[in-house]
1. If you keep only loop residues by DSSP, which chymotrypsin sites (Phe, Trp or Tyr not before Pro) in the chain have at most 10 other Cβ atoms within 10 Å of their Cβ?
2. Could you list the square roots of 5 times each eigenvalue of the Cα gyration tensor of segment 6-48, that is, the equivalent ellipsoid semi-axes, sorted largest first and rounded to whole Å?
3. Give the residue list of trypsin sites (Lys or Arg not before Pro) in the chain that are DSSP loop and have at most 12 other beta-carbon atoms within 10 angstrom.
4. Which FRET efficiency, nearest 0.05, do Arg30 and Phe3 yield, Cβ-Cβ r, R0 22 Å?
5. If I take every Cα pair under 8 Å that is 6 or more residues apart in the chain, average their sequence separation and divide by the length, what percent do I get for the relative contact order?
6. Based on DSSP H runs of at least 4 residues, each adding -39500 (n - 2.57), what is the mean residue ellipticity at 222 nm of the chain after dividing by all its residues, to the nearest 500 deg cm²/dmol?
Amino acid sequence: MSFWKVAAAQYEPRKTSLTEQVAHHLEFVRAAARQQCQLLVFPSLSLLGV
């Protein structure tokens, strides 16, 4: 049996541009990668700042 290291990004939504939303997501991606996370999930519509 194999195991995966998973994480969920949780944060207060921000009403900003798509470029800023993507940059914010990439901060989470980098942090998860540093912790050798294999699966990272975000809230639905999180790129829209909703």
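1. Details: sites: Phe3, Trp4, Tyr11, Phe28; in loops: Phe3, Trp4, Tyr11.
Passing both the DSSP loop test and the Cβ count: Phe3, Trp4.
2. Details: eigenvalues 74, 24, 10 Å².
In descending order, the three semi-axes are 19, 11, 7 Å.
3. Values: sites: Lys5, Arg14, Lys15, Arg30, Arg34; in loops: Lys5, Arg14, Lys15.
Here the sparse-neighbourhood loop sites are Lys5, Arg14, Lys15.
4. On the way: r = 22 Å, r/R0 = 1.02.
After rounding to 0.05, the efficiency reads 0.45.
5. On the way: 45 pairs, mean separation 30.2, N = 50.
The normalised contact order for the chain reaches 60 percent.
6. Numbers: 1 runs with 17 residues, N = 50.
Helix-only estimate at 222 nm: -11500 deg cm²/dmol.
Any read-out appearing in this document is the output of simple, stated calculations on the displayed coordinates, not a laboratory observation. Please read these numbers as outputs of a predicted model, since none were measured by experiment. Ideal geometry is used to build each Cβ from the backbone, glycine not excepted, and the neighbour counts take in all protein chains shown.
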